[in-house]
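Only one structure is covered here, and it is reproduced in the block below.
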Amino acid sequence: MKSRRQQQGFTLLEVLVVAVIASISVSLLMLNVSLKGPEEDIKKQALRLQALLNFAHEQAIIRAEEYGLRFYQRGYKFMIFDEENKNWIDLAGEKHLGLHPLPEAMELGLAIEEIDVELDTDIELEKPIDENAVVTEENKIKPQIFLMSSGELSPHFSSRIRIPGIETYYEVRGSINGQYTLHTPDE
């Protein structure tokens, strides 16, 4: 039979063990949360851009059609060349290659052949497409990057995804041979 003292509660050692386990668990949780902060979000967006570029380039080759990509300060969109009308068409309705706005705090930078390009604001990105609008040579929106059906890319570029005020950024680079690579600030 147990004594009355043993039945009343926990020992100091048991309480300390539980406190240590709880503090370790909270520390691991905080570490995990801090690793999934803005830096991880930037990396996820850069990986998404890289994957979409690879997919669009494969589609260009398979379908024997010319694809294009237009960057904005707050996102990007894919386009396809309409041979019949000699015009670039937005792929806005496409599931994978439509408009891709970035999350609120992020922004894009673009360098074409190592020269920085001033990007349009996101107004163009979010403006609905008016099918009845008259398209003139002046108001046609054309891609900055061309994904050729031959497997080539023109011109080579680098696109930087970042959050202002945070040192971490990721850069997706496209080479003329149609290869897309992801780079960090350390590279």
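Quick notes on this structure:
- Of residues in segment 83-112 being of a type in the set (D, E) and out of contact with any Gly (no Cβ under 9 Å at 6 or more places or on another chain), the one farthest from R160 (Cα to Cα): E84
- Matching residues in segment 54-82 - criterion: being surrounded by fewer than 18 Cβ atoms within 10 Å (Cβ to Cβ) and in contact with a Gly (Cβ under 7 Å, 6 or more places away or on another chain): I61
- Residue, nearest to H100 (Cα to Cα), within segment 155-181, restricted to residues that are under 11 Å from the mean Cα position of the chain (by Cα) and of a type in the set (A, V, I, L, M): I161
- Count - residues of segment 146-181 that are over 17 Å from A46 (Cβ atoms) and aliphatic (A, V, I, L, M): 4
Any read-out appearing in this document is the output of simple, stated calculations on the displayed coordinates, not a laboratory observation. All figures in this text were calculated on a predicted structure; none of them were measured in a lab. Cβ atoms come from the backbone with ideal geometry, glycine included; neighbour counts cover every protein chain shown.
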